[in-house]
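*Asks:* Before I ask anything, let me first share the structure, which is written out below as structure tokens.
FYI, it's all coordinate maths here, none of it is from the lab. Worth saying up front: this structure is predicted, and the values here are computed from it rather than measured. With ideal geometry, Cβ positions are generated from the backbone for all residues, glycine too; neighbour counts draw on all protein chains shown.
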Amino acid sequence: MPSVVILAAGLGSRFGGDKQFVEFGNKKLTLMEYNLLNAVQAGFDRVIFVIRPELKDILQQQVLPRLPDALQYEIVLQTLDNLPAGCLVPAERNKPLGTAHALWCCRKLLTKSFAVINADDYYGAQAFDLLLTQANETANHHVMVAYQLQNTLSEFGSVNRGLCQFSSENYLEHIEECENIIEHKDKITGKLSVNDKIIELDKDTLISMNCWLFNTDIFPMLTEEISQVIQQNKLNAECYLPNVVMKQIVQQHKNVMVLKTTAQWFGLTYQQDSQKVSEKVDAIFSK
């Protein structure tokens, strides 16, 4: 079965701490663990946690003892000295290099298709069923589970999302980063990061929430993206998975299948989201 890679090295700046290890609901589990319950039920049997080195102890003490017995696990450390040949980051940098680098750090542990999710998002059971089905049917394609925008907003502030365009055959054509998305008086607006243009968004707009199924041909492009970002010599520049996927689509004509879900996504952007998250996981997992 394909592995699930969980990107859990983020700093949680807007949240104010390591939100990937906050526990929710009556079960007192992290969002990572709720996702893994769904992943195991779908048929996944291996998880790779990508974390910062300072998070290893809490992962081992808090999360690993509670994993389902049937689930194998690996731990990968995302560090600033684990880079493609010839790459160096400024000595004063301490911020992780982003999601593309996090996945690149797993390259030696993955030899076939694998899922990728964020540690601080809840994706719903349907997402893992969709990914696993496609893993068995389209081994040479990438797959993205797309969510309706209205199901991914926060009540407590703006969010950033990847707006998706796709073909009539449901293949991804473009992802455009949109920032400061917020709903006010029944209107949803956001700012396109490429040109700072303010736009109005439809509630059913499909967006990317970093829920993917990749095969191993993504790793050469990850290497290239990391090298290019580092060459920019910007102190806090990051390399993002959607940028790498778009380069594969444009440069290599890679097929990325878009699977639509109406599932309710929820996650942690702000501290105030915590109570709502607890209520939602209880509603789902107390049934």
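*Asks:* Roughly what would the spin-label model give for residue 271 and residue 231, points 7 Å off Cα along C-beta, in nm?
*Replies:* Going by the 7 Å Cα→Cβ label model, 4.3 nm.
*Asks:* Where a Cα-Cα gap under 18 Å defines reach, which lysines qualify for residue 234, not counting those fewer than 8 residues away within the same chain?
*Replies:* Candidates past the 8-residue exclusion: 95.
*Asks:* Compute the distance in nm between two label points, each set 7 Å from the Cα along the Cα-to-Cβ direction, one at residue 67 and one at residue 262.
*Replies:* It is 3.5 nm.
*Asks:* So what is the relative contact order for segment 3-285, in percent, with contacts set as C-alpha pairs under 8 Å and at least six apart? Don't skip to the end; give the middle numbers.
*Replies:* On the way: 531 pairs, mean separation 72.3, N = 283.
Value for segment 3-285: 26 percent.
*Asks:* Right, something else. Suppose a student asked you for the relative contact order of segment 127-185, using Cα pairs under 8 Å spaced at least 6 residues apart; what percent would you report? Can you show the working numbers first?
*Replies:* Values: 49 pairs, mean separation 15.9, N = 59.
Relative contact order, segment 127-185: 27 percent.
*Asks:* Which cross-chain or sequence-distant (5 or more) residues have an amide H under 5 Å from the amide H of residue 260, H modelled 1.01 Å from N in plane?
*Replies:* Result for residue 260 returns 146.
*Asks:* Once every DSSP H run of n ≥ 4 in the chain is given -39500 (n - 2.57) and the sum is divided by its residues, what mean residue ellipticity at 222 nm do you get, rounded to the nearest 500 deg cm²/dmol? Intermediate values should be presented prior to the final figure.
*Replies:* Details: 6 runs with 69 residues, N = 287.
It comes out at -7500 deg cm²/dmol, rounded to the nearest 500.
*Asks:* What share of the DSSP beta bridges in the chain is antiparallel, in percent to the nearest 5? Please report the intermediate quantities before stating the final value.
*Replies:* On the way: 30 of 51 bridges.
Around 60 percent antiparallel, to the nearest 5.
*Asks:* Continuing with the same structure: Taking 0.36 nm per residue of sequence separation and subtracting the Cα-Cα distance, how much length would be gained by fully extending the chain between residue 173 and residue 187, in nm to one decimal?
*Replies:* Numbers: separation 14, 0.36 × 14 = 5.04 nm, distance 2.61 nm.
Taking residue 173 through residue 187 to full extension adds about 2.4 nm, to one decimal.
*Asks:* Let's see if you can work this out: charge +1 on each Lys and Arg Cβ, -1 on each Asp and Glu Cβ, no other charges. What is the dipole magnitude of segment 3-285 about its Cα centre, in debye to the nearest 20?
*Replies:* On the way: 25 positive and 33 negative charges, 63 e Å.
The calculated dipole for segment 3-285 is roughly 300 debye.
*Asks:* With springs only between Cα atoms under 10 Å, which of 271, 134, 61 fluctuates most in a Gaussian network model of the chain?
*Replies:* So, out of 271, 134, 61, the one fluctuating most is 61.
*Asks:* Starting at the first residue of segment 167-175, write each ³J(HN,Hα) from the Karplus equation 6.51 cos²θ - 1.76 cosθ + 1.60 with θ = phi - 60°, in whole Hz, x for Gly and Pro.
*Replies:* Karplus-based 3J(HN,Hα) across segment 167-175 equals 7, 5, 8, 6, 9, 5, 10, 6, 10 Hz.
*Asks:* With the cut-off at 32 Å, tell me which of the pairs 203/280; 191/260; 197/280 have Cα atoms farther apart than that.
*Replies:* Working: 203/280 21 Å; 191/260 24 Å; 197/280 34 Å.
Distance filter (> 32 Å) returns 197/280.
*Asks:* Further question: Let me know the volume per residue of the alpha-carbon convex hull for segment 3-285, in Å³. Before the final figure, lay out the partial values.
*Replies:* On the way: hull volume 37.7 nm³, N = 283.
Roughly 133 Å³ of hull volume per residue.
*Asks:* Given the options 135, 237, 102, state which has the largest fluctuation in a GNM of the chain using a 10 Å cut-off (strictly under) for Cα springs.
*Replies:* Among 135, 237, 102, the largest GNM mean-square fluctuation belongs to 237.
*Asks:* Per residue of segment 89-96, in order, report the coupling 6.51 cos²θ - 1.76 cosθ + 1.60 (Karplus, θ = phi - 60°) as ³J(HN,Hα) in whole Hz, putting x for Gly and Pro.
*Replies:* Per residue, the Karplus-derived 3J(HN,Hα) values read 9, x, 4, 7, 6, 10, 7, x Hz.
*Asks:* Excluding residue 72 itself, what net charge comes from residues whose Cβ is under 13 Å from its Cβ, given Lys and Arg +1 and Asp and Glu -1?
*Replies:* Numbers: positive: 46; negative: 45, 69, 74.
With Lys, Arg at +1 and Asp, Glu at -1, the net is -2.
*Asks:* Compare 108, 19, 185 in a GNM of the chain, Cα atoms joined below 10 Å, and give the one with the largest fluctuation.
*Replies:* 185
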